[in-house]
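Comments concern the structure below.
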């Protein structure tokens, strides 16, 4: 009986010590719930650009800017223009919360007429992708 009582008291003391240690050793790191809730959010200044009338044979470029308004680093995975006459350059490094990034879209104004082109941006946000649009008329 004394052994059983001793084991019971020992277990209660051990559980109490572990609980106290856990309570007083809280670290300032993110909890698993906070890590799960961390998201990257791209807030774009604009989603489309109109070049107006441009001369034939002269490439034109526009830079789209965004800010990471989330609480997790934002990483652009790919930017895919809608055709071979359009190319894109973009921020390759991670964009930390509060920082800005860019996607530059260049159109080769080879053919005359009205044009509308897109560039699909894939990144690690909840929305997953953004379609940027350029348009204009080549004379």
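State yes or no: is residue 110 more than 13 Å from residue 123 (Cβ to Cβ) and at pLDDT 95 or above? Spelling it out, it is not the case that residue 110 is more than 13 Å from residue 123 (Cβ to Cβ) and at pLDDT 95 or above. Reported count of residues in segment 128-139, each being touching a residue at least 24 places away in the same chain (Cβ under 8 Å) and within 18 Å of residue 46 (Cβ to Cβ), is 7. Taking segment 118-136 as the range and being under 22 Å from residue 92 (Cα atoms) and surrounded by fewer than 18 Cβ atoms within 10 Å (Cβ to Cβ) as the test, the residues that pass are 118, 120, 122, 124, 126, 127, 128, 129, 131, 133. Taking into account only those residues within segment 69-109 that are under 28 Å from residue 139 (Cβ atoms) and part of a loop (DSSP other than H, G, I, E, B), which is farthest from the chain's Cα centre (by Cα)? Selected residue: 109. For the condition over 26 Å from residue 37 (Cα atoms), in contact with a strand residue (DSSP E or B) (Cβ under 6 Å, 6 or more places away or on another chain) and either modelled with pLDDT of 95 or more or part of a strand (DSSP E or B) (or both), residue 61 qualifies.
The values are calculated or read from the model by the stated rules, or taken from the named source; none is laboratory data. Note that the coordinates shown come from a computational prediction; the quantities given were computed from them, not determined experimentally. Don't worry about glycine lacking a Cβ; one is built from the backbone with ideal geometry, like all the others, and counts go over all protein chains shown.
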